[in-house]
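Single-structure report; data block below.
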Amino acid sequence: MNQRASNGPTIAFDEFGPLEIRPQAGRSWGSSASRHRAAYTRKHAVRHWLAFYDIHDNQLWGYTRPRKRAREVLEVLKKMRRRYQIDQRIHLILDNFSPHGTPVVRHWCKRNNVHLIWTPTNASWLNPIECQFTSVKKFVIRNSDYASHEELANALRRYANYRNQHAKRKKP
C-alpha cells in the first residue's frame, strides 16, 4: 500500500491574485506586438483565485472569489473536502495568512479531519503550490485582455483542466 492510500492526500493551498480586468503585457505565439487599450480606471474591482494543488495526484484546481477573508477560505475548504472520501485525512499545506488561522477555520478543519501544516513565517515559497502559479501567470495572465472577471475565471478553469489532463501522476 502506498503512502498516499494509507495516510491520505497532501494538498497545498494558497491565494493567487489580486486579479484585475485590464490589459496585461506579455508575448504570444506567432503575433506581432499589439497596442493595449488605455486602462486608467478600474471599474471591475479585483478577484482572487483560491487554489489547491494535490501533490500526489499532480492536480490543480481553484475558485475565484471577490475577497479572501476567513469566510471565503472556509467556503473553498468545504469544496475541497467534498473531493475526497470523508474517512480520509487531508494534510493541508498553507501559509500563515491570518484568514487561514481563524478559530472558525481551525475548528472546522479539526472536525473534518483536515490536518493543517503551516509554512514558516516569511517562507511561503516552501508551499508547493507556489511553483504552479508561474505557469498560471504565463498561460492565463500574460498578454491577456479579459472583458470580465467571469471570462478570466473561465480561462483559469480551462487552464487547470488542460493542465490536469496532461499531468503525470507522481510515483509513490
Starting from the 7 Å offset along Cα-to-Cβ, what nm value, one decimal, do you get for the label separation of Arg67 and Tyr162?
3.4 nm
May I have the extent of the alpha carbons of the range 39-142 along their three principal axes, as whole Å values ordered from largest to smallest?
49, 28, 28
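Laboratory data are not the source of any read-out in this text; all were calculated from the coordinates shown. What you see is a predicted model; the values in this text were computed from it and never measured. Glycine gets a Cβ as well: all are built from the backbone with ideal geometry, and neighbour counts include every protein chain shown.
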